[in-house]
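Data first, discussion second: the structure below is written as structure tokens.
The values are calculated or read from the model by the stated rules, or taken from the named source; none is laboratory data. These numbers were taken from a predicted model, which means no experiment stands behind them. We place every Cβ from the backbone using ideal geometry, glycine too, and count neighbours over all the protein chains shown.
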Amino acid sequence: MQLPRVTAIPHGLEFVAAPAADPQSSPHLPVIAFQGRLVTTKGVGVLFEAARILIAENRAFELLVIGDGPERASLERLSQNAPLAGHVRFAGRLLGSELDAALRHASVVAVPSLGGEVFGLVVAENMLRGLPVAAGDSRIAMHYAPRSFTAGAILTLLAFVGSLVAFLVLGDHARRTTS
């Protein structure tokens, strides 16, 4: 269909260099990063449930929550209770070099959105960074990630957080897919 006054404008994503490894970060402590607005539909509650599963399996990790929103205070309160206490760190809203510096420590970026994503920019931006992205079943995730990666719930994928080799392979796939 041709509409006389309609122009399609694709999403513009700037190239983001893969983060350089931080020599001070521990290679033995995976960092699961969440980046987004802190509202119910972004699924941070699902991510907290995944974290509880990892804690029950005695897995060492840090959950880094990047973003702000109306649910931040309640999420911070939840994170201070057992078993999440000591595993979750809130960084607030970060932009530019601050965001890049925070994501330099990430092993994986989790996108547990529960719906309503028009185009998951967090997925595309972090795949451009070469970071593996653990995304729920959404259209954007299905477009970029291998089927086996998005077929299950995010809880299933995060259960494998101890396997950094798998995340490196997925990060390499992300770079090839988006370039």
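Is it true that some residue in the stretch 125-133 is under 14 Å from the mean Cα position of the chain (by Cα), at pLDDT 85 or above and under 19 Å from Leu38 (Cβ atoms)? The answer is yes; a qualifying residue exists. Scanning the stretch 76-114 for residues that are over 18 Å from Pro30 (Cβ atoms) and surrounded by 19 or more Cβ atoms within 10 Å (Cβ to Cβ) returns a single hit, Ser113. The test for being among the acidic types (Asp, Glu), modelled with pLDDT of 85 or more and either over 24 Å from Leu131 (Cα atoms) or touching a Pro at 6+ places or on another chain (Cβ under 8 Å) (or both) does not hold for Glu57. Residues of the stretch 64-117 that are of a type in the set (D, E, K, R) and either within 14 Å of Gly43 (Cβ to Cβ) or free of Cβ contacts under 8 Å to residues at least 40 places away in the same chain (or both): Asp68, Glu71, Arg72, Glu76, Arg77, Arg89, Arg93, Glu98, Glu117. Residues that are in a loop (DSSP other than H, G, I, E, B), of a type in the set (Ser, Thr, Tyr) and more than 18 Å from Ile55 (Cβ to Cβ) within the stretch 76-115 comprise just one, Ser113. Spot the failing condition for Asn81; the list is (1) modelled with pLDDT of 90 or more; (2) in contact with a Leu (Cβ under 9 Å, 6 or more places away or on another chain), and only one is missed. If we test Asn81 against (1) modelled with pLDDT of 90 or more; (2) in contact with a Leu (Cβ under 9 Å, 6 or more places away or on another chain), just (2) comes out false. Checked against (1) more than 14 Å from the chain's Cα centre (by Cα); (2) modelled with pLDDT under 80; (3) small (Gly, Ala, Ser), Ala101 passes all but condition (2).
Looking at the stretch 21-39, is at least one residue assigned to a helix (DSSP H, G or I), of a type in the set (Ser, Thr, Tyr) and modelled with pLDDT under 90? The answer is no; no qualifying residue exists.
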